[in-house]
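Below is one structure, written out as structure tokens; the observations come after it.
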């Protein structure tokens, strides 16, 4: 029996049927209603070589090189990798390490670009008609433009395209959910550039061989829905569908479920149920790459949070330090309790505001203590609010109980790997148990354990190989010695025999 | 009263006897256990445990003469696995602080004598005579055998550097949980 | 390049604002109407008993927290001890002597809660442990019920007199004693009287269910308890599964048995309205700590509680069985939880997948 396609039902029924998730205060307005501003160029841009899932890019420029906006500065280094381009025209000042936008604040390799202020694009010749191109050719353009998933997953888009062609994908799901509170960059994008987004969606459909596209937009963005529906009107294959504003609707698995009634199998991918998900921002980045020849060098970033006096959506060059974004929005009215990259539900806290904006940065938030709502941790009262909230149907309280006593395998048995890290459980917990934190810790510890096991296995192999080699060498040595001895003896015997024989004919020979 | 005391004593004594007999009767021969334990060890015979190789450590473990935390290269993972195997609960909280180490060559003082890579139990050091040696981080167990043999002290151990790939969230502070 | 203080804080960086004390407070709010009605019905002795029970629970909570070194004042004021004491007081005979409340509080807080590790760790419902411990240890005071003597009515003791009854009470005056409906039916059944006659003897033609009869505070005002329960449902602090399952678990077998043998079995209506079933369904069985976490588990648990209550009421020596039923089902919770884990998204046979 097929599950109902929730998005096709009347709203009241949708509310009843969606049994997971939470309703955080969305705090998207008034920022979402303000026009986008282009952020002035900061004095330096820091372009990390790793802004995507996969292998880091390999620099192709030297210190002192002059580059144009959109020029390749680091190339993809593996099948799953993405190139990096200059976000503006200027001079390569350094190739060094710099704090990553990551909770650890660890440094990562970056290319430092000093803008020259001209913001001069590299001349390119985009194809006249992308729909006349082979899908693989589009994937190539997209790969070379460094487009990655802009919803935050930062998986190289072209790799996903190739997957779509390999497995038969019928439906492109376009994620315009933007369910995280505060964030409104996708909302703004759909309102301001609906035509380009729809164009991008059609290009992606062509590239992956999908027959239809379903654009899911949360119904708290009526302006975006209207703009997108108007832009999609000429194309019956592209359907713009309002979905309930319900966190985490913007999670791929949940959006697929609501729009198609299908569940992605735990050991598979979305493509296994015939769909592929791309974010609206990604679709526009594809459109810009294909139509204009512009690689991914800038993006919309929501700058918000209670500590920001003039929150805004900014058009930011990739590599701009987060501090520059806050400075442009008026600094901090009060010291923020937390600075977060991404949304408040899943975003990563930053160790330093010096870290750069990267391709996957949807927002930077400076949150006040009141917004964070930090209260002390209490004991779990087994209220099971987390069970009701979990969009994956997990039992967070039980998983956390196992992790608390260091039974990581027990947590794994209960479905730790199915956890999407949405944070719903922690959000609703009346005891403020850091459930999401427990799960991240356990996932990290398990993967480190796995790495350690792999290493010890490989070491064991090396040791055995060494032992065998030493034995072989010893044996060879022994054999060689034996051989030499045998040879020596043979030679001696021969010599002796020769001598013995020689004693008779030698005289003859000598005499002859 | 007396009857109760007597009956409980008899019950206790007979149960104790039963357990004693069972322990003798179903005693697992140590050799099988030792072999299994040895198979779990890294097998690099590095000697960091203070026993003669991994087999020695396995024997000591089986005899109860060594803690499950005996093997530094195996780390917490191995300690847990050994504890599970031996059916004992081990306090591994102190284990986390044992930082995994990796050897490194200071190239400016390496004379290329090849002593280290003859000593390395995992062939983690590469190079040749009169050439600067290097360490394959993936294969190094941090056993320090190379450090001991290096004539110029060009080899030293340092903690395995934390990278964005190996970084993981710390454990939530249990102190904040009142249970 | 200053380091921000927040770097170790994991997402989410927001919280719904729900706290344990808010949860407990809402439950108390839901209990308030029935409690006030109970105070009105049984007068000052019931008020004193309530105060003593709750006070004893709080004092023992403080003592236990001190001794075990768990938590600080915030843990005391999370309201869990107050609520446990309140629920216990609701199940006691309103004119019971003070030491009943204190011993009950000891069983509730020290034995049932802190001996198991404090809030969230106890497998058994603390208030029900308290009540059962009292019922088994002191059957007489626990089964001596008083007829409603409303505050300010003639014969109702004043504050001082009420305190005297609670502190030095030599039991309820004979003129005021009365059996509960379930107790009466059970007693008469042992004398060979059938159910309809026993009921007629106790109630005459008066209706049942509005509280004007003897019993504990929690069992008389059935409708107010129901209203409080609906309030909790509306506030989404409890889900419908446990209450509905408890009521169904008792009412369905009761209705069948009554239809087959009306002279031997009480009707479903009497079962629902009498005794502690309603309070048990909405306030006791729904205790978060001691009930299953999954929805299907809650249905099984609730039905078990209801069914066992009916069985004990109908066949066992005790007239009321809710406390026993809850404790028995509490013991099954880990097992129920284990076998009713929800199907994880993307596992099993997901509908619609190829």
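Brief remarks follow.
- Among the residues making up segment A:103-114, those that are under 21 Å from residue A:72 (Cβ atoms) and either touching a helix residue (DSSP H, G or I) at 6+ places or on another chain (Cβ under 6 Å) or within 12 Å of chain B (Cβ to nearest Cβ) (or both) are A:108, A:109.
- Of all residues in segment B:64-87 being assigned to a loop (DSSP other than H, G, I, E, B) and in contact with a helix residue (DSSP H, G or I) (Cβ under 7 Å, 6 or more places away or on another chain), the one that is surrounded by the fewest Cβ atoms within 10 Å (Cβ to Cβ): B:66
- Here residue B:130 clears all of (1) farther than 28 Å from residue B:65 by Cα; (2) at pLDDT 70 or above except the condition numbered (2).
- If you go through segment C:118-150 and keep only what is more than 14 Å from chain A (Cβ to nearest Cβ) and out of contact with any helix residue (DSSP H, G or I) (no Cβ under 6 Å at 6 or more places or on another chain), you end up with C:136, C:137, C:138, C:139, C:140, C:143, C:144, C:145.
- Contact map, segment C:237-249: residues that are more than 14 Å from chain A (Cβ to nearest Cβ) paired with residues that are not in a helix (DSSP H, G or I), Cβ distance under 6 Å, separation 6+ or inter-chain. Pairs shown: C:246/C:285.
- Qualifying position, being modelled with pLDDT of 90 or more, touching a helix residue (DSSP H, G or I) at 6+ places or on another chain (Cβ under 9 Å) and under 30 Å from residue A:251 (Cα atoms), among A:76, A:153, A:100: A:76
- The residues listed here are A:255, A:296, A:259; of these, the one that is under 23 Å from residue A:191 (Cα atoms) and out of contact with any helix residue (DSSP H, G or I) (no Cβ under 6 Å at 6 or more places or on another chain) is A:255.
- Within segment C:288-311, if we keep just the residues that are within 11 Å of chain A (Cβ to nearest Cβ) and more than 19 Å from residue A:401 (Cα to Cα), the residue that is surrounded by the most Cβ atoms within 10 Å (Cβ to Cβ) turns out to be C:298.
- Put simply, of A:218, A:178 the only residue that is at positive phi, modelled with pLDDT under 95 and either away from chain C (no Cβ under 14 Å) or more than 23 Å from the chain's Cα centre (by Cα) (or both) is A:178.
- Residues satisfying the stated conditions in segment A:137-150, i.e. more than 9 Å from the chain's Cα centre (by Cα) and outside any helix (DSSP H, G or I): A:145, A:146, A:147
- Qualifying helices (runs of 4 or more DSSP H) (wholly inside segment A:395-505; at least 3 residues being within 14 Å of chain B (Cβ to nearest Cβ) and without any contact (Cβ under 8 Å) to a residue 40 or more places away in the chain): A:396-404, A:408-413, A:435-503
- Residue in segment C:314-341 that is nearest to the other protein chains (Cβ to nearest Cβ), counting only those that are surrounded by fewer than 20 Cβ atoms within 10 Å (Cβ to Cβ) and either part of a loop (DSSP other than H, G, I, E, B) or in contact with a strand residue (DSSP E or B) (Cβ under 8 Å, 6 or more places away or on another chain) (or both): C:341
- Residue among A:305, A:331 that is away from every other protein chain (no Cβ under 12 Å) and over 22 Å from residue A:165 (Cα atoms): A:331
- The sole residue among A:411, A:442, A:400 that is touching a helix residue (DSSP H, G or I) at 6+ places or on another chain (Cβ under 7 Å), within 19 Å of residue C:288 (Cβ to Cβ) and at pLDDT below 95 is A:400.
- Of the residues A:271, A:337, A:324, the single one that is free of Cβ contacts under 8 Å to residues at least 60 places away in the same chain and within 14 Å of another protein chain (Cβ to nearest Cβ) is A:337.
- Residues of segment A:240-269 that are in contact with a strand residue (DSSP E or B) (Cβ under 8 Å, 6 or more places away or on another chain) and in a helix (DSSP H, G or I): A:252, A:255, A:256, A:258, A:259, A:260.
- One residue stands out in segment A:211-238 among those that are over 17 Å from residue A:179 (Cβ atoms) and in contact with a strand residue (DSSP E or B) (Cβ under 7 Å, 6 or more places away or on another chain): the one that is surrounded by the most Cβ atoms within 10 Å (Cβ to Cβ), namely A:213.
- Residue within segment A:357-373 that is crowded, with 24+ Cβ neighbours inside 10 Å, at the interface with another protein chain (Cβ under 9 Å from one of its Cβ atoms), without any contact (Cβ under 8 Å) to a residue 60 or more places away in the chain and not in a helix (DSSP H, G or I) present: no
- Test: residue A:173 is closer than 30 Å to residue A:22 by Cβ and touching a strand residue (DSSP E or B) at 6+ places or on another chain (Cβ under 7 Å): yes
- Yes/no for residue A:142 being at pLDDT 90 or above, buried (at least 21 other Cβ atoms within 10 Å of the Cβ) and closer than 25 Å to residue A:242 by Cα: no
- Lone unmet requirement of (1) modelled with pLDDT under 90; (2) surrounded by fewer than 16 Cβ atoms within 10 Å (Cβ to Cβ); (3) more than 14 Å from chain A (Cβ to nearest Cβ) for residue C:351: (3)
- Selected residue (criterion: farthest from the other protein chains (Cβ to nearest Cβ)) from residues of segment A:239-259 that are crowded, with 24+ Cβ neighbours inside 10 Å and farther than 14 Å from residue A:392 by Cα: A:240
- Matching residues in segment B:133-174 - criterion: being away from every other protein chain (no Cβ under 14 Å) and either at pLDDT below 80 or over 28 Å from residue A:448 (Cβ atoms) (or both): B:133, B:134, B:144, B:148, B:149, B:150, B:151, B:152, B:153, B:154
- Among the residues of segment A:374-387, just one is surrounded by fewer than 20 Cβ atoms within 10 Å (Cβ to Cβ) and either more than 7 Å from every other protein chain (Cβ to nearest Cβ) or farther than 21 Å from residue C:118 by Cβ (or both), namely A:374.
- Condition met for residue C:105 (away from chain A (no Cβ under 14 Å), in contact (Cβ under 8 Å) with a residue 12 or more places away in the chain, under 26 Å from residue C:228 (Cβ atoms) and buried (at least 20 other Cβ atoms within 10 Å of the Cβ)): yes
- Pairs, first free of Cβ contacts under 8 Å to residues at least 24 places away in the same chain in segment C:328-345, second crowded, with 19+ Cβ neighbours inside 10 Å and not in a loop (DSSP other than H, G, I, E, B), C-beta under 7 Å, six or more apart: C:345/A:253
- Qualifying positions in segment B:37-63 - within 10 Å of the chain's Cα centre (by Cα) and part of a loop (DSSP other than H, G, I, E, B): B:41, B:42, B:48, B:49
The values are calculated or read from the model by the stated rules, or taken from the named source; none is laboratory data. In this text, all values refer to a predicted model and were calculated from it rather than measured experimentally. Positions of Cβ are backbone-derived with ideal geometry, glycine not excepted, and every protein chain shown enters the neighbour counts.
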